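Each remark here refers to the structure printed beneath this line.
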Amino acid sequence: MTQRQLIGAALLVVGLMAMFGGRLIGPAVLWAVALLFYAAYRRARRTWPLVAFGVLASVAATATVEELFRGWDGGVVFLLGMTATFTTVYLLPRERGGARWALWPALAWAFFTLVANDPWSGLTRWVVPLAMIGAGVVFLGWTKGGR
């Protein structure tokens, strides 16, 4: 997709959302800005515009879902979007903007998504404390080993 096509798509999205309801103008603006960051990524193949696109697209998707489906929890959409953003940055080849450092934020966002959805009803009662204890042990060992 060329830069002109992305700008055209952004204008189309904003126009359609403005035409079909004033309540969607906020999400439309967020989508337009997100698409501009995607255009910057396509042009430069750098990591930072891809991350900015992912964050803004996650916020835009959350706002869109909350406006269209009033009963849904948009927070889950945001968490899934952030997980997808950093997973994409991790999985992309280096020459296309990928980065190995993105594994850690991807895993953290995946963990938060799992905890927020809590499929086993009670996951937060034992997994979160165990994860905090494990992180504490790692950081204490890291500090001691660094001396």
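Rule-based calculations on the coordinates, nothing more; no lab input. None of the values given here were measured: they were computed from a predicted structure. Cβ coordinates were reconstructed from backbone atoms using ideal geometry, including for glycine residues, and neighbour counts include every protein chain displayed.
Only residues that are within 18 Å of residue 56 (Cα to Cα) and touching a Ser or Thr at 6+ places or on another chain (Cβ under 9 Å) were counted across the range 74-108, and they come to 17.
Among the residues that make up the range 115-129, is at least one of them in contact (Cβ under 8 Å) with a residue 24 or more places away in the chain, in a helix (DSSP H, G or I) and either in contact with a Leu (Cβ under 7 Å, 6 or more places away or on another chain) or not hydroxyl-bearing (Ser, Thr, Tyr) (or both)?
Keep residues of the range 115-129 that are in contact (Cβ under 8 Å) with a residue 24 or more places away in the chain, which gives 116-117.
This time we only want the ones that are in a helix (DSSP H, G or I), so: 116-117.
Imposing the further condition that a residue be either in contact with a Leu (Cβ under 7 Å, 6 or more places away or on another chain) or not hydroxyl-bearing (Ser, Thr, Tyr) (or both) reduces the set to 116-117.
So far as the range 115-129 goes, yes, one or more of its residues are in contact (Cβ under 8 Å) with a residue 24 or more places away in the chain, in a helix (DSSP H, G or I) and either in contact with a Leu (Cβ under 7 Å, 6 or more places away or on another chain) or not hydroxyl-bearing (Ser, Thr, Tyr) (or both).
Restricting attention to the range 8-25, the residues that are without any contact (Cβ under 8 Å) to a residue 40 or more places away in the chain and either among the charged types (D, E, K, R) or buried (at least 16 other Cβ atoms within 10 Å of the Cβ) (or both) total 5.
In a residue-by-residue description of the range 49-64, the property of being farther than 25 Å from residue 3 by Cβ, in a helix (DSSP H, G or I) and free of Cβ contacts under 8 Å to residues at least 24 places away in the same chain applies to at least one position.
Figure legend. Inter-residue proximity from the range 85-99: first residues crowded, with 18+ Cβ neighbours inside 10 Å, second residues part of a loop (DSSP other than H, G, I, E, B), beta-carbon distance below 8 Å, spacing 6+ or different chains. Indicated pairs: 89/97; 89/98; 89/99; 97/45; 97/46.
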